[in-house]
Amino acid sequence: MARITLKGLKKSYGNAHVIKGVDIDIEDGEFCVFVGPSGCGKSTLLRMIAGLEDISGGDLNIGDLRVNDLPPKDRGVAMVFQSYAIFPHMTVRENVAFGLTVSGASKQEKEAKVAEAARILQMEHLLDRRPSQLSGGQRQRVAIGRAIVRKPRVFLFDEPLSNLDAALRMDMRMEIGKLHQQLGATMIYVTHDQVEAMTLADKIVVLKDGLVQQIGAPMDLYHNPSNLFVAGFLGAPSMNFITVQVTAIDGDKVLVSGPGLNDVAVSGKRGPFTVGQTAILGLRPQYLGVNDDTGLGKLHGKVALSERLGAETVIEVTQASGLPVIATLSRDVVFDVGSDVNLSFDPDHAHLFQPDESFTKNAH
Amino acid sequence: MASKFTVSHRAGWLMAGPAFGLMVMFILVPFFFAFALSFTNQRLISPNPTEFVGLSNYRQLLGVGMLTLEPVKDDAGIVQLKDGAPEYPALRSFTRKNPDYPHLDGMRELFSFNLSGDKITYVLARDVVFIKAVLNTFLFVLIVAPLQGGLALGLTLLINQKLRGINVFRTIYFMPVVVSIVVVSILWRIIYDGNNGLLNNILTGLSFGAFQPVNWLGETSTAMGAIIAMSVWQAVGFHMVIWLSGLQTISPTLYEAASIEGASKWQVFRYITWPGLKNTAVLVLIVITMQAFGLFDQINVMTKGGPLDSTQTIVFQAIERGYGKQDISGGSAISVLLFLLVLSVSLIQRYLTRSVEAK
């Protein structure tokens, strides 16, 4: 009933095209995350769905209804803002009940619904306070309370956790996840934080410059990024990119080699590749073995930096060519800076990309 | 470590000196002078030495009394009629050297009313003109403060939109504020002219000649209203700008949140805009009130307090007394009274509009 479809959605301010034709299907009850760097248009897209921005082109359907020209209140959406947007002169109770107040609900109805929302969000003790007496996390709770009290078909979250400190952000992230399971409503969540995207989403939409880069389940995107941008954006530390030459093609395998890299055959599914062309080899730091020689792909270099985090160790290795490679080990290991290390990888976990004009200058 | 600037007081005082000196000379000294002189019989130019007269100036200004008179009756208790109406004893016989009514001595009638039967109640004042000035000033304040504040808020809501050319409107509404009030008053004296004034011409034109020209500033019933209308028009732009600044401190996200929650335009104003403007409202109200109590220029240019004292105001009286009649002590006493009046009104307003959160 609250399936959301975006068809060729566009947004322009004069000659500036911010959203350049976006197609997304969001199923009923799905948790969909829009993720991308700042300026990619993800917030604009959310505000278009909310009705806060006009739609310049395309179709937006919520349920079976085309809502392009409906005002926000008729779209059945609730929104949680980054700045909370709770009304400073009202108590928490009045804030949470605001949507009911303006729609003329009875006093009993308001009290019952506010009490239920407060119970779900565990903020019964805050109801008579004013926003100025609340911490950031509590304010965000109030904003969410105001959203859930009307039982909307769709929840929209615009970077709701960005103003919170790291520890609180993790708590609230988990709570939002639980809330989704509890309410089962369709939720769209905008963030630039890939951890929030990976942990919360049923479906991630990666956006860049007003265009969809890839849509899929978090692990899909992680293991099968469709292009260099998605590959580099998801995962921390970022994927290593190595410029290589295609030396031979054998069925769907492509043989590549590069400076400091032996010949390896990797999947050519992002083809077509031609012999002699330049391509980008992507290696996740977590899939690089250090001094264990198990993989067929081999790299070599000196340790430039070692970060010990307890559960894992991140090392930066400078190759003979001078280009760095990051490797992550899932245990605590001591490396001396300047010591020689051999890196190896399984070609099945390597990704070969077409060179991308905008990206080659950053690729190593 | 203390900075050199907070340590070397001499340089600091030296730099603040000129401004500080001028403020002392032209604000502080006259302020205390007014207090001191109001207890004397000082005149602007007088060969007699100044004498301390205590509260006599205030007694003269504030003296009011009431007197109820019954109609003249004959011995049988029958009301005597004169020209078909009951006859009353002369008011003068009570207020002029009547040993039975010493507290009414020297007073004159301010107004009279008829409460029960044929008894007439007179409200008397020792200084009728001053009391009229006080009443007029209060009337002015009571009408101008809500009217000007409300109109300014209305204009603000109109110009706080993203429309092409909205700055033209902002400029137009603000223009009268930039023009000197004296110039504005002269222009409006021409507009209000009884014979060929713009207002009369427009009203005559609009009513196809049915409207009879009114001498707006020359009638006791319209003079104060005319000055109120013109004063509201002149300063409304200033308060519009104050409202506008208050309006722009309200976060736009609050409006977005309200529109998503389904609030109507009126509900947005009631729940978001107005509460967000509370502090601005207090400021606007107090500023308008204080300005309105100081009403002088318009009166001085347009009516000089007339006709028949119908546009007398406190400040006009203070100046008129002090310089026109050279009665510096009387003018000072009026100034002091005005100061106390404005102070107490402001304090009351602040108390009534105190923020709820501050409790």
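Computed values, structure above
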item	result
Shielding of A:177-183 by partner chains, average beta-carbon count, 10 Å	0
Mean separation of Cα contacts under 8 Å, 6 or more apart, over the residue count of the range B:64-126: relative contact order %	40 percent
Estimated vicinal HN-Hα couplings, Hz - the range A:262-275 in sequence order (Karplus 6.51, -1.76, 1.60; Gly, Pro = x)	6, 5, 9, 9, 10, 5, x, 5, 8, x, x, 10, 10, 4
Assigned charges on the beta-carbon of Lys, Arg, Asp, Glu; the protein assembly as shown dipole about Cα centre (debye)	1900 debye
Peptides B:257-265, A:331-339 ordered by average Cβ neighbours within 10 Å, highest first	B:257-265, A:331-339
Residue-averaged 222 nm ellipticity for chain A, from DSSP H runs of 4+ at -39500 (n - 2.57), nearest 500	-6500 deg cm²/dmol
Chain lengthening between B:L135 and B:L115 when straightened (0.36 nm per residue, less Cα-Cα)	5.1 nm
Long-range amide H partners of A:L305 with built H, under 5 Å	A:E316
Nearest-20 debye value, chain B charge dipole, Cβ charges on Lys, Arg, Asp, Glu	1240 debye
Value of relative contact order over chain A, rounded to a whole percent, pairs C-alpha under 8 Å and six or more apart	15 percent
Volume per residue of the C-alpha convex hull in the protein assembly as shown, rounded to whole Å³	317 Å³
For A:L343, residues with placed amide H under 5 Å, excluding near neighbours	A:N291, A:L299, A:H300, A:G301
Peptide ranges B:97-106, B:53-62, B:124-133 listed from the most packed, as the mean C-beta count within 10 angstrom indicates	B:124-133, B:53-62, B:97-106
Estimated FRET transfer efficiency (A:M219, A:H125; beta-carbon r; R0 41 Å; 0.05)	0.55
Residue mean of other protein chain beta carbons inside 10 Å, B:261-267	6
Proportion of all alpha-carbon pairs of the range A:4-233 beyond 33 Å (%)	17 percent
In Hz, Karplus ³J(HN,Hα) per residue of the range A:276-289 (6.51, -1.76, 1.60; θ = phi - 60°; x = Gly, Pro)	x, 7, 8, 9, 10, 9, x, 10, 6, x, 6, 9, 9, x
Amide proton proximity set for A:N240, modelled H, under 5 Å, gap of 5+	A:L283, A:R284
Spatially proximal lysines relative to B:K82 (Cα-Cα < 27 Å; intrachain offsets below 8 disregarded)	B:K73, B:K97, B:K119
Ranked A:Y222, A:Y13, criterion: other C-beta atoms within 10 Å, fewest first	A:Y13, A:Y222
For the range A:123-163 versus the range A:168-193, the gap between their alpha-carbon centres in whole angstrom	12 Å
Burial ranking of peptide ranges A:318-329, B:307-318, B:143-154, B:190-201 (average Cβ count within 10 Å, highest at the top)	B:307-318, B:143-154, A:318-329, B:190-201
Count, lysine Cα pairs under 18 Å in the range A:4-233, 8 or more residues apart or across chains	20
Distance between the range B:222-272 and the range B:33-80 - C-alpha centres, whole angstrom	46 Å
Equivalent ellipsoid dimensions for the range A:240-360 as semi-axes, Å, which come from the Cα gyration tensor, largest first	27, 14, 13
Share of alpha-carbon pairs per 5 Å distance bin for the range A:172-247, given as whole %	3, 13, 24, 22, 15, 11, 6, 2, 2, 1, 0
Mean separation of Cα contacts under 8 Å, 6 or more apart, over the residue count of chain B: relative contact order %	21 percent
In sequence order, calculated HN-Hα J values of the range B:309-326 (Karplus, 6.51, -1.76, 1.60; Hz; x Gly/Pro)	6, 6, 10, 5, 9, 4, 5, 4, 5, 4, 5, 4, 5, x, 10, x, 9, 6
The range A:168-308 - Rg (one decimal) and Dmax (whole number), Cα, Å	18.6, 55
Peptide A:78-87 - average C-beta neighbours from other chains (10 Å radius)	5
Dipole axis of the protein assembly as shown (+1 Lys, Arg; -1 Asp, Glu on Cβ), positive-most option in B:M107, B:L337, A:N262	B:M107
Estimated 222 nm signal from helices in chain B, with DSSP H stretches of n ≥ 4 weighted -39500 (n - 2.57), rounded to 500	-17000 deg cm²/dmol
Per-selection Kirkwood Rh - chain B (Cα, Å, 1 d.p.)	25.1 Å
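Where a number appears in this text, it was derived from the coordinates with a stated rule and is not lab data. Because the structure is predicted, anything quoted here is derived from the model rather than measured. All Cβ positions, even for glycine, are placed from backbone atoms using ideal geometry, and neighbour counts span all protein chains on display.
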